[in-house]
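To start, the structure itself, in structure tokens.
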Amino acid sequence: MDALTPTRTDSKKKRRSQLAHFLRSRRAGLSPEEVGLATAGRRARVGLRREEVAVLAGVSASWYAWLEQGRPIKVSDGILDAISRVLRLSELERVHLYRLADANPPLPLSSPGLPDTEVFQRMVDTQLLGPSCVIDRYWEVLAANQQAVDVLGLRRDGNHNFLTSLFTGSHGRQYLDRPQVARQMTARFRLQASYGADDPRYEQMADQLSQSEPQFAELWARH
């Protein structure tokens, strides 16, 4: 095995670390009043305490502390649902929580194969109303019509990956609302990566882009 290739154990450790960070970030974003708890006096920190989340979710404080510490403990679907309700997670955040907790197996990945780029190119060339492109599950641009090449710069000047070129290439500079587009695309990539949790390439892409682009690193850390 290549020394640079993460092992399954390493991936699980990293996912538990991401789970811990995600739970802490969502807990910090809630006030006691939002979940119906009364408080007396000023609190040293904003957000809910671990003990409060544990009580509301119906688990012991020590068990929930272990979960937030990234310990290798088994979590049932029922407990994940309870934590989701307490932390007021959206449906997409709830799916993300499940994937990080390894509660459900990821969707099976299709065999890579060789894409028929000629078919994709003929398909996008028929789209005359605006820029059109085809990307694979790693956001590599497989085909782009002439408008996408001219307007978005896809498939030239290093813009061969739709995600990375938003941050590192001339592609990203074409958007008037680039921060909003970057946030939305990062969120979509995060969700897609959660479904392919056993595929190391997603993790490698995120790690490499985080190291080179502070904006992506900040967005990625928001989950």
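Per-structure values
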read-out	value
Failed item in (1) surrounded by fewer than 11 Cβ atoms within 10 Å (Cβ to Cβ); (2) among the hydrophobic types (A, V, I, L, M, F, W, C); (3) at pLDDT 85 or above, with Ala38 passing the rest	(3)
Residues located in region 136-169, provided they are open to solvent by 20 Å² or more (accessible area, probe 1.4 Å) and of a type in the set (S, T, N, Q)	Gln146, Gln147, Thr164, Thr168
Test: residue in region 118-135 that is at pLDDT 85 or above, under 23 Å from the mean Cα position of the chain (by Cα) and open to solvent by 30 Å² or more (accessible area, probe 1.4 Å)	yes
Test: Asp81 is assigned to a loop (DSSP other than H, G, I, E, B) and modelled with pLDDT of 75 or more	no
Pairs with Cβ under 6 Å, 6+ apart, first in region 175-192 and free of Cβ contacts under 8 Å to residues at least 12 places away in the same chain, second open to solvent by less than 80 Å² (accessible area, probe 1.4 Å)	Tyr175/Val181
Within region 84-98, tally of residues that are outside any loop (DSSP other than H, G, I, E, B), exposed (fewer than 14 other Cβ atoms within 10 Å of the Cβ) and at pLDDT 85 or above	1
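The values are calculated or read from the model by the stated rules, or taken from the named source; none is laboratory data. Computed from a predicted model, the values in this text were never measured in an experiment. Heads up, the Cβs are rebuilt from the backbone with ideal geometry, glycines too, and the neighbour counts pull from every protein chain shown. Just so you know, the surface numbers come from the protein's heavy atoms only, side chains and all, with ligands and any DNA or RNA stripped out. Shrake-Rupley method; radii C 1.70, N 1.55, O 1.52, S 1.80 Å.
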